[in-house]
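This report refers to the structure that appears directly beneath it.
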Amino acid sequence: MNNSLDLAPEAFADLLNKSSELVLNKFSDLEGQKAFHNHPQKEIERWFDEPLPREGMDDHELLDLVKEKVLDTATNNLGPYMYAYVMAGGSQMSIIADKLTSTINQNVGKWHLAPAMSEIEKRVIQWAGEMMNYDQNAKGVLVSGGSAANLTGLTVARNVFFEKNEIRKKGLFGLKPFTAYASSEVHSCLDKSMDELGIGTDHLRKIPVNEDFTINLDALEEAIKADLENGFTPFCIIGSAGTVNTGAIDDLEALADLAKKYQLWFHIDGAYGALASSLDSIKDHYKGIELADSLAVDFHKWMYQSFEAGCLLVKDWETLKRTYFKKASYLDASLEDSDRLNFNEHYFQLSRSGKALKIWMSIKSYGIERIKQMIQKDIDLTRYLAKLVVASEDFELKSKSELGVVCFRYVKDLHSEDEINSFNKRLIPALEEDGRVFITGTTLNEQFVIRACLINHRMHEGTVDHLVKVIREVAAGLIENKSVKEDAETNSA
Ligand SMILES: Cc1ncc(COP(=O)(O)O)c(C=O)c1O
C-alpha cells in the first residue's frame, strides 16, 4: 500500500474526471435551477451531524454525497436569479484557475516560495490600477475581500498618518481620539475596521447624504472643523465609489480636495463600484479616484471571480512596508535578490493563497474589453428593471444609480406607509420560501425597500422579467392568504 495520502494515478484521474462532470452538471440548465432551495436549518444540520470519521470512505461515494448535499443544495449564485447583496456569478476561468492554484499550493508570502504567483499578483494589481484609471503603476496586495481591503486601507492610513507617534510600537495610548469621515451610507465593514483598529466606531463620523445618497460636502467640512475645534485628530476621509445600498458614487474629486485642504488621508471604498470606473459611459462619475491614497476593490464582484478575491491599491510599496514590515530572523530576506518582492513584508498575513492566478487567467482569457461589456450589460439591465418598475402600477421606484443597484417597493392596494413597510418586509421571507429568485431588502430614508443588485454576466432581459413576475406572484399569494385569513376571522366572529 502506498504510504502517503495519494491515490494511484488512474484512481486520481477517475476522481478528477468525476469532479469535472460535477462542474459541468452545475452549468447544465442554469436558468431551470432554483435560486434558493429552502431546506430547513435543522435538516441541513442533521445531514452533517456525525462523529469524527476514523476511517476513510469510498471516494466516489464521497463525491456522490457532496453532489447531493452540497452542490445540489447550494444557493445558486451561478444562475441568473440571484439579486441579493452583491453576489457575482463567478466565471468558468476562475473555476479552472482555482483548481490549478490549489494543485501547486503556493504560499505567496515570500517570493522564493511562489516566484510566478508573486509576479502575477504584482501584474494583476498594476492592471487593476490601470483599468480603473487609478494609477498606471499601482501597487497593492490581494486580500480576502472588500472588508479586508477596507481594513487594510484604514490600517495603512492610521499607521502612516501617526508614524511620528510611533503607534506601531507604543499603541494608541495617551493620544487624542482620531476621527475618520464617511457618508451615512458607508458600508458597515468600515465600522468594523474602526473597531478593530482600536479607534472606535464613535470616531467614524457618519455624514448626512444628499438626495442621491452621496455624501454632503458642506456637512463633511463642518464636521471636520468641529472636531478640530473640539480636540479630536481628524486623519482620514473615506469616499464611496458605489455604496452597497444604492450604488451612489460620492464626489471623489471634492473629497480629495478636502483631504488635501485638511491634510488627511483619502481612502476610497470601491469594493462594489470601482471596477465600473473602467467604462467610458460612466468614468466621469469617478473623477478624483486617481487622487486616493488607498483604494479598496473586490474582484469577486465586478471581475466575476469566485470568492475570495479583494484588493487594496496604493501608490507605492513603501506605504505598505511602513505599515506592515516586521523583521524575523527565519524570514530574513536581506540575503536575497533585492528585486524580489515579499508580500509578507507588505501585508499582515505570512501564508497567503495564490488569488492572483484566477484574476490573471480571467483577464487574459476574456480580455478587459469583454469584461467591461459584461459590467455595462449589468448596468443596462438594471436600467431596464428600473423602467419596468416605473411603468408598473404595483411597484414604486425608490432609488436608481449609475451602477447595478435599484431599490423599489410593492405598493399595489396598500395604503398607509405602515402597511407598505410591513408588507414589503413580509415579502422578502416569502420570496425566500418560494426560492425561484433570491433577493433581499434594505432601509432607505426609514422605508423598507426591496433591493436588486445585478452583477451576473448570465443575466438578460428575460431573467429580469422573471424576477418581476415572481415578485408579483408571491405578493399576490401573500395578499390572497391575508384575505383568506381575514375572511376566516370575519366568519368565525
Ligand atoms: C461598498 C462595499 N464595501 C465593502 C463590502 C464588503 O466586501 P466583502 O463582502 O467582500 O467583504 C461590500 C460588499 O458588498 C460593499 O458593497
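We did not get these values from a lab; they are worked out from the coordinates using the rules stated. This is a predicted model, so every value here is computed, not measured. Cβ sites come from the backbone with ideal geometry, for glycine too, and all protein chains shown count toward neighbours.
The table that follows gives values for the structure above.
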| read-out | value |
| --- | --- |
| Cα gyration tensor, the chain - rounded (a/c under 1.5), prolate or oblate | oblate |
| √(5λ) per eigenvalue of the Cα gyration tensor, segment 138-247, largest first, Å | 23, 20, 11 |
| Full-stretch length increase - R54, E308 - with 0.36 nm per residue and alpha-carbon distance subtracted | 88.3 nm |
| FRET efficiency for K69 and S102, using Cβ-Cβ distance with R0 set to 25 Å, rounded to 0.05 | 0.70 |
| N481-S338 pseudo-label distance in nm [points 7 Å out on the Cα-to-Cβ vector] | 6.9 nm |
| Hydrodynamic radius of segment 219-283 per Kirkwood, over alpha carbon pairs, in Å | 12.9 Å |
| Projected label distance in nm at S188 and K18, using a 7 Å step from Cα toward the beta-carbon | 4.1 nm |
| Among L341, L52, I363 - extreme Cα towards positive end, dipole of the chain, charges at beta-carbon | L341 |
| Among F266, S193, G354 the positive-end extreme of the charge dipole of segment 108-366 (Cβ point charges) | G354 |
| Burial ranking of peptide ranges 34-40, 265-271 (average Cβ count within 10 Å, highest at the top) | 265-271, 34-40 |
| Additional length obtainable on full extension of the chain from K321 to K425, 0.36 nm per residue less Cα span | 32.7 nm |
| Rounded, prolate or oblate (a/c below 1.5 giving rounded, otherwise prolate when a/b exceeds b/c) for segment 112-152 by Cα gyration tensor | oblate |
| Segment 1-105: projected area of the alpha-carbon convex hull, averaged over directions, in nm² | 9.0 nm² |
| Cα centre as origin, Lys/Arg/Asp/Glu Cβ charges: segment 1-129 dipole, Debye | 680 debye |
| Relative contact order computed over the chain (Cα-Cα under 8 Å; 6+ residues apart), in percent | 20 percent |
| Volume of the Cα convex hull of segment 382-474, divided per residue and given in Å³ | 90 Å³ |
| Efficiency of FRET from Cβ geometry, N165 and A226, R₀ 25 Å, rounded to 0.05 | 0.65 |
| Gain upon complete extension [K260, T201; 0.36 nm per residue less C-alpha separation] | 18.9 nm |
| Euclidean distance between Cα centres, segment 125-143 to segment 204-259, Å | 24 Å |
| Estimated FRET transfer efficiency when R0 is 25 angstrom, pair I95-H37 (beta carbons, to 0.05) | 0.75 |
| Bridge type composition, segment 108-366 - antiparallel percent by DSSP, nearest 5 | 40 percent |
| Most positive-pole-ward Cα, V70, S28, G310, against dipole of the chain from beta carbon charges | G310 |
| Extent along principal axes [Cα atoms of segment 199-348; Å; largest to smallest] | 56, 43, 24 |
| ³J(HN,Hα), Karplus 6.51/-1.76/1.60, whole Hz, each residue of segment 275-285, x for Gly, Pro | 5, 6, 5, 6, 7, 4, 5, 10, 4, 4, 5 |
| 10 Å-binned pair-distance histogram of segment 138-196 (Cα, whole percent) | 19, 49, 30, 3 |
| Estimated dipole of the chain in Debye, rounded to 20 [Cβ of Lys and Arg +1, of Asp and Glu -1, Cα centre] | 1340 debye |
| Partners for K482 among lysines (Cα-Cα distance below 18 Å; same-chain residues under 8 apart left out) | K412, K425 |
| Share, in percent, of DSSP beta bridges within the chain that are antiparallel, nearest 5 | 60 percent |
| Relative packing of 303-315, 84-96, which averages over residues the other C-beta atoms within 10 Å, highest first | 303-315, 84-96 |
| Debye equation applied to the C-alpha atoms of segment 324-368, log10 I(q)/I(0) at 0.33, 0.34 Å⁻¹ | -1.19, -1.22 |
| √(5λ) per eigenvalue of the Cα gyration tensor, segment 108-366, largest first, Å | 29, 24, 14 |
